[in-house]
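The values are calculated or read from the model by the stated rules, or taken from the named source; none is laboratory data. What you see is a predicted model, and the numbers here were worked out from it, not measured in a lab. Backbone-built Cβ (ideal geometry, glycine too); neighbour counts: all protein chains shown.
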């Protein structure tokens, strides 16, 4: 491939980068640079393949709990069949991405892109000169430095395991560890989650997290807080010995067949040579202004997980930021992102969903609130699903009656949270939402009873 001169060079084919390319390609020459298979983390190594596994775990969970199920004994998920089904969704993505980009007139350059100067990139021997550059390279696992770290696999590796080992240790008490442990446990694995903090899932409501942790333990998934991984040592059978230490300094050795990195992700800037472009960056990513331009090089924009915008590391946020950058590239830097309220879902089985403030956050701001909360496991909607773990907490401002936050745990949480996010986005009061006549019987119609 020969050197190229383009209007816009984009690093990364995920939601943000692809959105910029598709919106700008009609009037601008665009080169999209990708160091891995094109399609992005969400489609290939994150949200979508994960959700395929989660859906199977949900079906397995429900059938094994349903009082009217036809099977006489609990059955585990077949990991090999699950992986085969997942590949139906993942394997076509790179080819579809290449065809779509070709149709749009976007030049796809496959290789690792690095800055040579403020607007020039080198991609495995090819020089790409651009009027503007968009960085949308996403995030990568936090580097781990303990002895034996080379034996720990990433979430990417876990999603592609051909066989599921019997004993698995998940490092970190966040999304990846809990979601994958819930899947693995239902496929017959014995799982342990360790978290160095006093409680896992710190982005979510504390009381609902406690309920979920208790339920997780009933699946034979051990959750250990205030616990640090010290080392991983190869053995024979089991494959590894993991040394972990609690807050009081007491160590134990766990015999496991697999150790999975679930200790968080950081902006993926390590191979970009940002200093060559005069682009400032820090632990939260590339420093940008309200228009998502680099604060030190306005010819460079950043979106998604790699940008320090204050937005959550979520695909809808990356998509929105890609739209804003496209507008600013086409019309001049005048547009800013309106995030509004952004729901977050932990795809365990059952899922845990949140939008807005927690009770603690609202009270820390000095707000006078009332907390609407309860256990839904005895409600008809949950009994029909044989759902033993379901609860809610909704934060309402006393004076205005507006919803400040909503937190749901249960089979319907990932869908129902969107209704409450919609109400919060447009400032509806609890009384107004309660007055809506939802379709019945549905899980979302329970919102009226919650309020």
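Of 306, 349, 300, which residue is more than 30 Å from residue 387 (Cβ to Cβ) and in contact with a helix residue (DSSP H, G or I) (Cβ under 7 Å, 6 or more places away or on another chain)? I'd like the intermediate steps shown before the answer.
Working: 306 fails: in contact with a helix residue (DSSP H, G or I) (Cβ under 7 Å, 6 or more places away or on another chain); 349 fails: more than 30 Å from residue 387 (Cβ to Cβ).
Sole residue among the options that is more than 30 Å from residue 387 (Cβ to Cβ) and in contact with a helix residue (DSSP H, G or I) (Cβ under 7 Å, 6 or more places away or on another chain): 300.
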Could you tell me whether the range 221-238 includes any residue that is in contact (Cβ under 8 Å) with a residue 40 or more places away in the chain, out of contact with any strand residue (DSSP E or B) (no Cβ under 7 Å at 6 or more places or on another chain) and more than 30 Å from residue 89 (Cβ to Cβ)?
yes
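Is it the case that residue 209 is under 30 Å from residue 337 (Cβ atoms), in contact (Cβ under 8 Å) with a residue 40 or more places away in the chain, surrounded by 16 or more Cβ atoms within 10 Å (Cβ to Cβ) and not assigned by TED's automatic domain parsing to the domain that holds residue 10?
Details: under 30 Å from residue 337 (Cβ atoms): yes; in contact (Cβ under 8 Å) with a residue 40 or more places away in the chain: yes; surrounded by 16 or more Cβ atoms within 10 Å (Cβ to Cβ): yes; not assigned by TED's automatic domain parsing to the domain that holds residue 10: yes.
Yes; evaluated as a whole, the condition is true for this residue.
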If you take the residues in the range 309-333 that are touching a helix residue (DSSP H, G or I) at 6+ places or on another chain (Cβ under 7 Å) and closer than 16 Å to residue 30 by Cβ, which one is surrounded by the most Cβ atoms within 10 Å (Cβ to Cβ)?
325
Test for residue 170: is it within 20 Å of residue 46 (Cβ to Cβ), at pLDDT 95 or above and part of a loop (DSSP other than H, G, I, E, B):
no
Return the total of residues in the range 7-37 being within 17 Å of residue 156 (Cα to Cα), in contact (Cβ under 8 Å) with a residue 24 or more places away in the chain and surrounded by fewer than 24 Cβ atoms within 10 Å (Cβ to Cβ).
2
Selection from the range 408-422 of residues under 23 Å from residue 365 (Cβ atoms) and under 17 Å from the mean Cα position of the chain (by Cα) yields 417
Filtering the range 386-409 down to residues that are surrounded by 20 or more Cβ atoms within 10 Å (Cβ to Cβ) and either in the same structural domain as residue 204 (by TED's automatic domain parsing) or out of contact with any strand residue (DSSP E or B) (no Cβ under 7 Å at 6 or more places or on another chain) (or both) yields 387
When residue 419 is evaluated against the numbered criteria (1) in contact with a strand residue (DSSP E or B) (Cβ under 8 Å, 6 or more places away or on another chain); (2) touching a residue at least 24 places away in the same chain (Cβ under 8 Å); (3) within 28 Å of residue 58 (Cα to Cα), which criterion, by number, is the only one it fails?
(1)
For the range 270-282: of the residues being assigned to a loop (DSSP other than H, G, I, E, B) and either at pLDDT 95 or above or not assigned by TED's automatic domain parsing to the domain that holds residue 14 (or both), which is farthest from the chain's Cα centre (by Cα)?
278
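Condition check: within 24 Å of residue 77 (Cβ to Cβ) and touching a helix residue (DSSP H, G or I) at 6+ places or on another chain (Cβ under 7 Å). Does residue 404 satisfy that?
On the way: within 24 Å of residue 77 (Cβ to Cβ): no; touching a helix residue (DSSP H, G or I) at 6+ places or on another chain (Cβ under 7 Å): yes.
The answer is no for residue 404.
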